Amino acid sequence: MAEDGDKYAQECFGWILYNRGKFVKDNFSKAKEWYRRAAEQGHVCAQSWFGYLYLIGRNGVDQNYSKAKEWYCKAAKQGYAGAQFNIGVMYEYGDGVDKNYSTA
C-alpha cells in the first residue's frame, strides 16, 4: 500500500517501521523518505514528523531549521496542535528563528 502511494501507509512506515525501530533497525533516512512521501500528499501528521526529523537532524538526516519550520507550518495551518506547539518551541529557544516569546 505504501509503495502504491497510500499516504496513511507511508506515514505508518515512517513512524512504526523506521522511526521507532519496530521490525527493522532505526533508519532515519528511510523514515524521512516515507514521511516526505506522505507529507507531500498533505498528511498532516507526516508533515509534522517530517519537520521534526529536520529539527533534530541525526542519523543521516541533516539538521535544517528552515525546512523544519516550513513543514511544521504546513501542518499547523491545518490545525495540527503538535506542529503549532513545536513552532512555538522554536521561537522560545531561537532554533533557526529569532527568539521571540510573544510569537512563541
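The values are calculated or read from the model by the stated rules, or taken from the named source; none is laboratory data. None of these values were measured; they are calculated from a predicted model. For neighbour counting, all protein chains shown are included, and Cβ atoms are generated from backbone atoms with ideal geometry for every residue, glycine included. Accessible surface is based on the protein model in full, side chains and every heavy atom, while ligands, DNA and RNA are left aside. Shrake-Rupley method; radii C 1.70, N 1.55, O 1.52, S 1.80 Å.
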Scan the helices (runs of 4 or more DSSP H) fully inside the stretch 23-104 and keep the ones with 2 or more residues being over 22 Å from MET1 (Cβ atoms).
-> 44-56, 65-76, 81-93
Looking at the stretch 68-86, is at least one residue open to solvent by 70 Å² or more (accessible area, probe 1.4 Å), within 20 Å of ASN100 (Cβ to Cβ), over 8 Å from the mean Cα position of the chain (by Cα) and of a type in the set (Lys, Arg)?
-> yes
Residues of the stretch 87-104 being open to solvent by 60 Å² or more (accessible area, probe 1.4 Å) and in contact with a Lys or Arg (Cβ under 9 Å, 6 or more places away or on another chain), in sequence order, are GLU92, TYR93
